Amino acid sequence: MTPREEELARTVRDELALFAYPDREWVGPRIGADGGPMLDVLIVGGGQSGLAVAHGLRRAGISNIAVLDQAGAGREGVWENFARMNELRTPKGLFGMEQGVSALSLQHWYIGQHGRDAWEALVRVPRADWAAYLRWYRETLDLPVINHTIVRDIREGDGGLIVETLSDGAAKIFHARLVVLATGHDGAGRWAVPDFITSTLPADRFDHSNGPIDFAALKGKRVGVLGHGASAFDASVAALDAGAERVDLCFRRKRLPLVNPHRHIETAGMLTHFAELPDETRWNVARHFQLHDQPPAEAGFIAATGRDRFHMHAGAPWTDVMMEDDAIRVTTPREKFTFDHVIAATGYTVDLASRAELTSLAPVIARWRDRYAPPVDAAQEMLGDFPYLGSHYEFLSRTADADEWVSRVFAYNVSAYVSMCPHSTTISGHRYCLPRVLRGVTGRLMREEAEHVMAALGAYDNVDLVVPDHLQARTQAD
């Protein structure tokens, strides 16, 4: 930490201590099937959501937790991996990870690093600053993150869950009463490259925009980008900066979206109570987002279109892709292109079975298609594949006999797209949606403590009133 970060961290700890009461732990210990201690909560994913959940649980008196992440320390989440934008698209005021602790806020951290004038002038937060803030957040709160750990399965255990992992290359089992999945935007499936690309091109001739790309290898190359989202423009800029000869960005829509529907649902009412709306309304909102996609981020759009080697083509879906004489030939309704490499900015597909951590869960998780049948004209297969979550982000099972263990897993990731609104687990949703998942987790633990409440209450004998010796006789009858 820098000296200013250290000073702010001390302020955070002082503020947390000031408002800590009641801070006594209230969940009794449990023993795992192997005879070792059982965690109260295991969080999978050490990015922004996982860190925020861990902090919220500790403030609620639950410290027997762990956070697992496959990346190295400080590289959790997307920000130092495949995120390539220069700045976040989230307005600087839409944050909630501080959870009421003002000194822990992005605003205070940013002012400490760059000054108040810089904050006042700021419109959107630079990506590198957000990544640095998250590292400071984790270190300041001393959150229990275990890095280089891959979750291979979550399955039913005796009174809890068994979490199989590969930690630093070695198999390791964790036992936990509850699990929170904070696995981000691909947490319900995988980044998807269309079959018409994967089936016709060698694997070294295409990439997904949300994966590792060797941009240096694109120097002097003709690059085709498919898609119109933020990652499409960010990848285009990165390719051009690396020396690509030319980048052609193609998308199927007749015109680039200009209106961002995400901004409309950023209200306290929608983000707090969306889960309480009728299934029909929740389905139709999610469908609207599928039909009316958000535009690319302004900064990425301006950066790409400001380069003379960048060319954008609306109404240009790729109708045919093939290899010919070591070149990639792409046909669209408007024209044909010749590329050396292509980048698919084509989002993700919902595929629970593709997620290792869901190996045992995927066959029994209730999907939206199991619980809601939309009118024929509102049907959409992908939306039906999303999990149908309970009111606090918990998985539900297709059959009642598995609900007890399935509902021990809370999906605070993209799985909540239909159930909790399309971006409840993003930065914009943290302020209003973190409390919901935290209430779900603490509520489940409290219900399981019910059988021990009276015994613990009866055994409680901490003296609250110290009576002087000379008054002892007056406090009791003869």
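The values are calculated or read from the model by the stated rules, or taken from the named source; none is laboratory data. These numbers come from a predicted model, not from an experiment. Quick reminder, even Gly has a Cβ in these numbers, built from the backbone with ideal geometry, and neighbours come from all protein chains shown. With ligands, DNA and RNA removed, areas are computed over all heavy atoms of the protein, side chains included. Shrake-Rupley method; radii C 1.70, N 1.55, O 1.52, S 1.80 Å.
Brief remarks follow.
- Between VAL467, SER63, ILE343, the Cα set farthest toward the positive side of the dipole of the chain (charges on each charged residue's Cβ, about the Cα centre) is that of ILE343.
- All other residues whose Cβ lies under 10 angstrom from that of ARG30 are scored, Lys and Arg at +1 and Asp and Glu at -1, for a net of -2.
- Identified option (computed Rg/Rh (Cα atoms, Kirkwood Rh); candidates [x] 1.08; [y] 1.06; [z] 1.03): [z]
- For region 162-280: rounded, prolate or oblate by the Cα gyration tensor [a/c cutoff 1.5]: oblate
- Alpha carbon centroid spacing (whole Å) that separates region 144-162 from region 1-65: 18 Å
- Length-normalised contact order for region 17-136 - Cα pairs under 8 Å, 6+ apart - percent: 23 percent
- Close Lys-Lys pairs in the chain, where close means Cα under 30 Å and separation is 8 or more or interchain: 4
- For region 1-142: rounded, prolate or oblate by the Cα gyration tensor [a/c cutoff 1.5]: oblate
- Highest to lowest packing among 146-153, 211-218, scored as the average C-beta count within 10 Å: 146-153, 211-218
- The listed residues ARG369, ARG408, ARG138 rank as ARG369, ARG138, ARG408 when sorted by accessible area, largest first, using a 1.4 Å probe.
- Rounded to the nearest 20 debye, the dipole size of region 250-349 about its Cα centre is 340 debye, using +1 on the Cβ of Lys and Arg and -1 on the Cβ of Asp and Glu.
- The chain, accessible surface, carbon-and-sulfur percent (1.4 angstrom probe): 52 percent
- Membrane-span-like helices in the chain, defined purely by DSSP H runs whose alpha carbon atoms cover 20 Å or more axially and whose average Kyte-Doolittle hydropathy reaches -0.5, are 430-459.
- Projecting the Cα atoms of HIS108, LEU201, ILE365 onto the charge dipole of the chain (Cβ charges, centred on the Cα centre) puts LEU201 farthest toward the positive pole.
- Prolate/oblate/rounded label for region 368-478 (Cα gyration tensor, a/c 1.5): prolate
- In terms of the mean number of neighbouring beta-carbon atoms within 10 Å, the peptides 386-399, 92-105 order highest first as 386-399, 92-105.
- The order of the peptides 219-227, 447-455 by mean Cβ neighbours within 10 Å, most packed first, is 219-227, 447-455.
- If you take all other residues with their beta carbon under 13 Å from the beta carbon of ARG252, and give Lys and Arg +1 and Asp and Glu -1, the sum is +3.
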